[in-house]
Amino acid sequence: VLFAPGAHGGSRARIEARRVRATPRPHPIPAERARAPRALGLREPESASGVESLLGCSLAYALRYAGDLEPGLSTPAAEPGPLLYGELTHHVLARVLAGGVRDPDTAARRAAAVVDAELPRVAETLLLPDHQAERAAVRRAIVESARVLVATVARAGASIRGVEVMLEGKLGPAVLASRADLLLSEPDHVIDIKWGGARHRDELRVGAAVQLALYAALARTGSRL
């Protein structure tokens, strides 16, 4: 039995608690066949990450995009790991670069300030005492990434064409729409920010960086790429 203050503060209303037996849901039954809500094919528009997923594993692409299989409401807050670190890095570097900073040390200080200010909202699990080592490592990596990235832009003599730029166009039979992390001009560069190094370097070396190639194709002006 619960008591709550009355509307006028003096009297108290009596609230009776009720116990209700929930009807159990039926157990899931495996199915030999499944019907997709739409035809199995490229979406329109399709994203660069979607094309990469299709080329990497067509079953994963069908389950995710045609089957609409996504994490449910019971999914807990993201645990510290590469996915969370990558999302935080994208968020911070976009904020730093959008400000037009050109000095590497200034970029590093601004990145540190953004991490400290945005961490509770973007990656709250990193604030737990158990993850203080990961928090320090990620903060240091993001700060140094901002420093190196701005130094690289300055060394190339390029200017920032845009941050988080939406690119749209038609490549062959596919209509694509994707967001590029960073575009530079004169000379033109497409920079895709990733967490980790070895696998992405290997993909570039063997010509298998699908997302980057699609971004470059969509960002080209005329015959120049």
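Remarks
- Taking the criterion of being at pLDDT below 85, closer than 30 Å to Asp181 by Cα and hydrophobic (A, V, I, L, M, F, W, C), the only residue of the stretch 4-62 that qualifies is Leu40.
- Selection from the stretch 172-190 of residues that are under 27 Å from Glu44 (Cβ atoms) and of a type outside the set (D, E, K, R): Gly172, Pro173, Ala174, Val175, Leu176, Ala177, Ser178, Ala180, Leu182, Leu183, Val190
- Answer from Leu184, Leu214, Leu218 - the residue that is touching a Lys or Arg at 6+ places or on another chain (Cβ under 9 Å) and open to solvent by less than 40 Å² (accessible area, probe 1.4 Å): Leu184
- Residues considered: Ala209, Ala136. Of these, the only one that is within 17 Å of Glu52 (Cβ to Cβ) and aliphatic (A, V, I, L, M) is Ala209.
- Within the stretch 204-225, the set of residues being of a type outside the set (A, V, I, L, M, F, W, C) and more than 20 Å from the chain's Cα centre (by Cα) comprises Arg205, Gly207, Arg220, Thr221, Gly222, Ser223, Arg224.
- The listed residue being loosely packed, with under 13 Cβ neighbours inside 10 Å, at pLDDT below 90 and within 16 Å of the chain's Cα centre (by Cα), out of Gly172, Gly196: Gly196
- Qualifying residue in the stretch 97-115 (condition: in contact with a strand residue (DSSP E or B) (Cβ under 8 Å, 6 or more places away or on another chain) and at negative phi): yes
- Residue in the stretch 199-222 that is in contact with a Phe, Trp or Tyr (Cβ under 7 Å, 6 or more places away or on another chain), among the small types (Gly, Ala, Ser) and farther than 17 Å from Gly86 by Cα present: no
- Screening Val148, Val115 for residues that are crowded, with 19+ Cβ neighbours inside 10 Å, touching a residue at least 24 places away in the same chain (Cβ under 8 Å) and under 21 Å from Asp181 (Cβ atoms) leaves exactly one candidate, Val115.
- Arg179 being among the charged types (D, E, K, R) and part of a helix (DSSP H, G or I): no
- None of Val96, Val122 is touching a helix residue (DSSP H, G or I) at 6+ places or on another chain (Cβ under 8 Å), farther than 22 Å from Leu184 by Cβ and in contact (Cβ under 8 Å) with a residue 24 or more places away in the chain except Val122.
- Members of the stretch 121-138 found to be surrounded by fewer than 19 Cβ atoms within 10 Å (Cβ to Cβ) and under 22 Å from Glu164 (Cβ atoms), listed by number: Arg121, Val122
- Counting only residues that are surrounded by 17 or more Cβ atoms within 10 Å (Cβ to Cβ) and of a type outside the set (Gly, Ala, Ser), the stretch 98-112 holds 3 of them.
- Residue within the stretch 186-207 that is farther than 21 Å from Arg95 by Cβ, outside any loop (DSSP other than H, G, I, E, B) and in contact (Cβ under 8 Å) with a residue 24 or more places away in the chain present: no
The values are calculated or read from the model by the stated rules, or taken from the named source; none is laboratory data. Predicted, not measured: the structure shown is a model, and the values here were computed from it. So basically every Cβ, Gly included, is an ideal-geometry build from the backbone, and we count neighbours across all protein chains shown. Each accessible area value is taken on the protein alone, full model and side chains, heavy atoms only, with ligands, DNA and RNA left out. Shrake-Rupley method; radii C 1.70, N 1.55, O 1.52, S 1.80 Å.
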